[in-house]
Structure formats: C-alpha cells, structure tokens
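Undergrad: One structure coming up, written as structure tokens, with questions to follow.
The values are calculated or read from the model by the stated rules, or taken from the named source; none is laboratory data. If you're wondering where the values come from, they're calculated on a predicted model, not measured in any experiment. Reconstructed Cβ throughout: ideal geometry from the backbone, glycine too, with neighbour counts over all protein chains shown. All accessible areas refer to the heavy atoms of the entire protein, side chains included, with ligands and DNA or RNA removed. Shrake-Rupley method; radii C 1.70, N 1.55, O 1.52, S 1.80 Å.
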Amino acid sequence: MNEDDIRNKVLKCFSCVKSPCQKGCPLNNDIKGFIKLTKEEKYKEAFLLLSETTVLPSVCGRVCPHSKQCEGKCVRGIIKDSRAVEIGKIEAFIGDMALKNDWTINSLPLKNKKVAVVGGGPSGLTCAAFLRKNGYNVTIYEKHNYLGGLLYHGIPQFRLGKKLLRKVIDKILELGIDVRLNQSIGKDFSLEDLENEYDAVFLGFGANLSSKMNIPGEDLKGVYGGNELLENNNHPDYEGKVVVVSGGGDVAMDVARTIKRKNAKKVYVIYRRSEKESPAEENEIRKAKEEGVEFLFKNNILGIYGNDRVEKVEVIKTELVKKEGDDRLSPVNIEKSNYYLSCDYVVMAIGSHPESSIVNSLGLVLDKRGRILIDKDGHTSKEKVFAGGDLAGTKSTVAFASRAGRDAAYAIMKYLENSV
Ligand SMILES: Cc1cc2nc3c(=O)[nH]c(=O)nc-3n(C[C@H](O)[C@H](O)[C@H](O)COP(=O)(O)OP(=O)(O)OC[C@H]3O[C@@H](n4cnc5c(N)ncnc54)[C@H](O)[C@@H]3O)c2cc1C
C-alpha cells in the first residue's frame, strides 16, 4: 500500500462526532484521530496516537476481522451502495511506516518491581509492552523457541508474513523486555516459582488444543486437530488425497487453505449452519472458494468410519430453526438425509481449549469450561496472579487478546502501586 492509495482511503472518513468505529475496535483505538493525522500526513504522530492503545498495528491492520469490528460500525459502510473506510489497511500502513522508520515509543525509568508474563502471544506481548512502557521490569516465559503464539504458528504465512511479525516483536522487545524461551509452565517451572520470584504474574499461554466433536471414529488414524497441525507443522502428505475439515470459523478457513496449498486433491469444509451464519470472515470464505476449497454448508458430520484408518464420513443435511431464547438460528438434522463422503483425512476445526493438565495444576479457580476464571480486571483467584486471552475465554481474536493483556497490565500496575 503506497501513500497515494492511503491518501485516497483516509479521504473517505467522515470524522463522525460519535466515532462508532472506535467503539467497534476491541482495543478502543482512536481511529478518527489517527486517520485525521494520516490525512495531514503526520504519520509519526498517527503512530504515537495508536501506540497509546496498541503495540500491534501492523498485525491487527492485517488480520483483525474488520468487517465485524471497526469497519462493521463505520457510518460510510452503513450508507447504501457505499463501502466502509478501510481502517485496517490504514492502521497497517501506519504500523509499517513505524517499522520502516524505526520510530520508537518511550519507556519510563525502571521501578523496583518485576513481573513475569507466561506466553508470548498477543496477550502476553501486549501485557509485557504496557508494563515495560510504564517502568516495570518484565520477563516473558515462552514454551517455544520463538515468540508470537498463534500469530506465528496459527495464522498462516499467506495472511501474516513471518518476517514482518518478527520485526513487530523485535520492536516490542526493544522496549527492554527480557525473554526466556523454551520454558514451559508446568514442566520447566511452576506458578509457585514465579509467585516467589516476582511481584506479580500474568498468564497468557493460550488455548490451542483442538476440541473434539464427540462422534464415533475420532480416534481413527487420519483424524487430526487443526490447531495442532498448524502449531506443530507436522502435516501428512496430502498429495492426491481428499480432506474433510469440520468447522466454519477462521481456523477452519486457514486449515482448509493451507491443506489445499499442500496439493490435496479435494478439500471439503463441512459446517452445520449456512454461509451467512458462518463465523469466518466473508473475505476468507471467498478466498478459500477461489483457491478451490469446497463448502458443504448446512451439513453435519455424524461419524467417521474406516477399518484401520479414515475411509469416509457420514454426513447429514441440516435446516436452521429459531429456538426460543437463542439469538442464533440452530441447526437441526433433517431425517433420512444422511449420506457418505469418501475421504482420507478429517481435520477438526470446531474450537479449542487450554491444556487441562496445566491449568488444573495451577491451583486457580476455573470456569465451567475449564478456563482460568478472571474478574473484569484480569485478576485470578490468587492475589498476585492475573490472566487473559484465549486461556481465560476472552473472545478469540488477536485484538481481544491484546486488549486483555493491556487491561491486565493496568490492573497489575494498580495492584503493585497499592502493595507495599
Ligand atoms: C488458525 C488460527 C487462525 C486465526 N486467525 C485469526 C485472525 O485472522 N484474526 C484474529 O483476530 N484472530 C485469529 N485467531 C485467533 C487469535 O490468534 C487468538 O485469539 C490469539 O492469538 C490469542 O492470543 P493469546 O495470547 O491468548 O494466545 P496465543 O496466541 O495462543 O499465545 C499463547 C502463547 O503461550 C505459549 N505457551 C503455551 N503453553 C505454554 C506453557 N505451558 N508455558 C509457556 N508458554 C506457553 C504459546 O507457545 C504461545 O506463544 C486465529 C486462531 C487460529 C488458531
């Protein structure tokens, strides 16, 4: 995106008095403000304004589901035959300008307080950055030998380049954050170790184990979890094979597109609701279709069958009905509409959960779904311990995880200021 393109995009902003776009942004970025500064070609000032609320403009500008967040609230987009201002592209442009020009944000001098952050995904990175900017010593503990979490091993290269991501992370670390890689909580150290060594702890180690459908055949060879496939990058050979992906969200889209690019003969995405109800971004569905992924909307997998390994799935058609008290239409199986679909692999992409052996060992109160229970400030049931992002059931998007990290950083600062 060059400056001329961006100039045309910013001119479309009405600078609405009420700025509904800002309310649509999980990070509450001052969108009207940074677009105005961009219009005036004050790019550095636009970056500094964005930096008050986010450390991930280059990332969020590319991967946020904008049509469901800021752009979905844009007044221009609500007017008939008119498109929303492309806020994401403008945000990415400003973030990229900052990387290119090496613009930095100032950190306050260090205080005598130290905080441990577990997990180097968007929640952990953001929490660490806001703490360090405000003068706290921060150390990130990360299981892998790299940072970024799902930004690195979930969202594929074709949507978010690894080189760019590394630059974003390096910039955050330049604030003066320590990192300990290859360090897994529950294995290499315990929560108690951190409680003894640090003044406060933030847990942001995500929830990246694929959920199961609880249908027959899920233990057969050839059935995979989408999250694990992407994180461990240990795909089987798809050449000439037929793959069924179960799910209708962005993870299902990324998994299906990744597998198609690895030369699978056919990739079906099976989702029990209609295309309109699908949680995936419209844009992502369109791109998957363009790349040859086939969609079976309003279809539900009943079972996976095969002698030793996957040979076929049993599928049933669904209709959508309005159930009392539900905002969303519910899928109901249509009797006798069952059929079989031959396939070689089945990949589950219907949701994820945190590793129970780890969360159960922390001595923290969990919610009904096995996630870490937090209050509105991200405080857990232990005095020194805060949490946020996917492991605490925050809405699973980058911006919501990042917001959780930022909110927890401010709550930790308040806690530390009040503690002797
Ligand atoms: C395939 C896929 C595509 C997605 N696409 C989008 C998208 O386009 N847009 C969007 O907004 N959202 C998207 N999401 C959701 C978004 O990526 C997540 O909501 C967000 O990354 C959650 O951030 P987090 O910090 O809570 O967790 P994570 O990003 O999972 O980060 C957790 C970190 O903790 C580390 N960790 C795990 N266990 C341990 C341990 N025991 N000890 C120490 N460290 C540990 C992990 O290695 C990781 O670095 C996608 C998710 C997936 C799976």
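Undergrad: Expressed as a rounded percentage, what relative contact order does the chain have, with Cα pairs under 8 Å and six or more residues apart? Walk me through the intermediate numbers first.
TA: Details: 857 pairs, mean separation 66.2, N = 420.
RCO, the chain: 16 percent.
Undergrad: Ok, one more. Which helices of the chain meet both criteria: a Cα extent of 15 Å or more along the helical axis and a mean Kyte-Doolittle score no lower than 0.0, with helices taken as whole DSSP H segments?
TA: Span-like helices, by this rule, are 87-101, 122-133, 162-173, 398-418.
Undergrad: Then there's this: Whole number in Å², please: accessible area per residue of region 210-351, 1.4 Å probe, ligands, DNA and RNA not counted.
TA: That works out to 51 Å² per residue.
Undergrad: Further question on the same structure: Over the chain, with a Gaussian network built from C-alpha contacts below 10 Å, which listed residue (Ala264, Ala129, Ala46) shows the highest mean-square fluctuation?
TA: Ala264
Undergrad: Which residue, Ser357, Ser246, Ser278, has the most motion in a Gaussian network model of the chain that connects Cα atoms within less than 10 Å?
TA: In the Gaussian network model the winner is Ser357.
Undergrad: Here's something else I'd like to know. Treating only the Cβ of Lys, Arg, Asp and Glu as charged (+1, +1, -1, -1), what charge dipole size does the chain show about its Cα centre? Round to the nearest 20 debye.
TA: 1080 debye
Undergrad: Along region 193-209, what does the Karplus equation 6.51 cos²θ - 1.76 cosθ + 1.60 (θ = phi - 60°) give for ³J(HN,Hα), rounded to whole Hz, x for Gly and Pro?
TA: Per-residue couplings from phi come out as 4, 5, 4, 6, 8, 10, 7, 7, 9, 10, 9, x, 8, x, 8, 10, 9 Hz.
Undergrad: Further question: I'd like to know which of Tyr268, Val346, Ser356 lies farthest towards the positive end of the charge dipole of the chain, counting +1 on Cβ of Lys and Arg and -1 on Cβ of Asp and Glu.
TA: Tyr268
Undergrad: Additional query: Would you work out which of Phe14, Ala409, Leu391 lies farthest towards the positive end of the dipole of the chain? Charges go on Cβ: Lys and Arg +1, Asp and Glu -1.
TA: Positive-end residue among those listed: Phe14.
Undergrad: Now for a separate question. Which listed residue (Phe295, Gly226, Thr258) has the Cα farthest towards the positive end of the charge dipole for region 201-306, taking +1 on Lys and Arg C-beta and -1 on Asp and Glu C-beta about the Cα centre?
TA: Checked the options; the winner is Phe295.
Undergrad: Note down the net charge around Tyr198, summing +1 for each Lys or Arg and -1 for each Asp or Glu among other residues with Cβ under 12 Å from its Cβ.
TA: Taking every other residue near Tyr198 into account, the sum is -3.
Undergrad: Mean residue ellipticity at 222 nm from the helices of the chain, using -39,500 (n - 2.57) per DSSP H segment of n ≥ 4 over the full residue count, to the nearest 500 deg cm²/dmol?
TA: Value at 222 nm, helices only: -10000 deg cm²/dmol.
Undergrad: Can you compute the charge dipole magnitude of region 330-420 about its Cα centre, using +1 on each Lys and Arg Cβ and -1 on each Asp and Glu Cβ, nothing else charged? Give it in debye, rounded to the nearest 20. Please report the intermediate quantities before stating the final value.
TA: Numbers: 11 positive and 10 negative charges, 36 e Å.
Magnitude of the dipole: close to 180 debye.
Undergrad: I would also like to ask the following. Have a look at Arg371, Arg406, Arg166 and tell me which one the Gaussian network model of the chain (Cα, springs below 10 Å) gives the largest fluctuation.
TA: Its mean-square fluctuation being the largest, the pick is Arg166.
Undergrad: Moving to a separate point now. State whether region 1-67 is rounded, prolate or oblate according to the following rule on the C-alpha gyration tensor (a ≥ b ≥ c being the square roots of its eigenvalues): a/c under 1.5 gives rounded; otherwise a/b larger than b/c gives prolate, and the remaining case gives oblate.
TA: Details: a/c = 1.32, a/b = 1.16, b/c = 1.14.
Rounded.
Undergrad: Can you compute the charge dipole magnitude of region 100-214 about its Cα centre, using +1 on each Lys and Arg Cβ and -1 on each Asp and Glu Cβ, nothing else charged? Give it in debye, rounded to the nearest 20. Provide the component values of the computation, followed by the final result.
TA: Working: 16 positive and 11 negative charges, 129 e Å.
It comes to approximately 620 debye.
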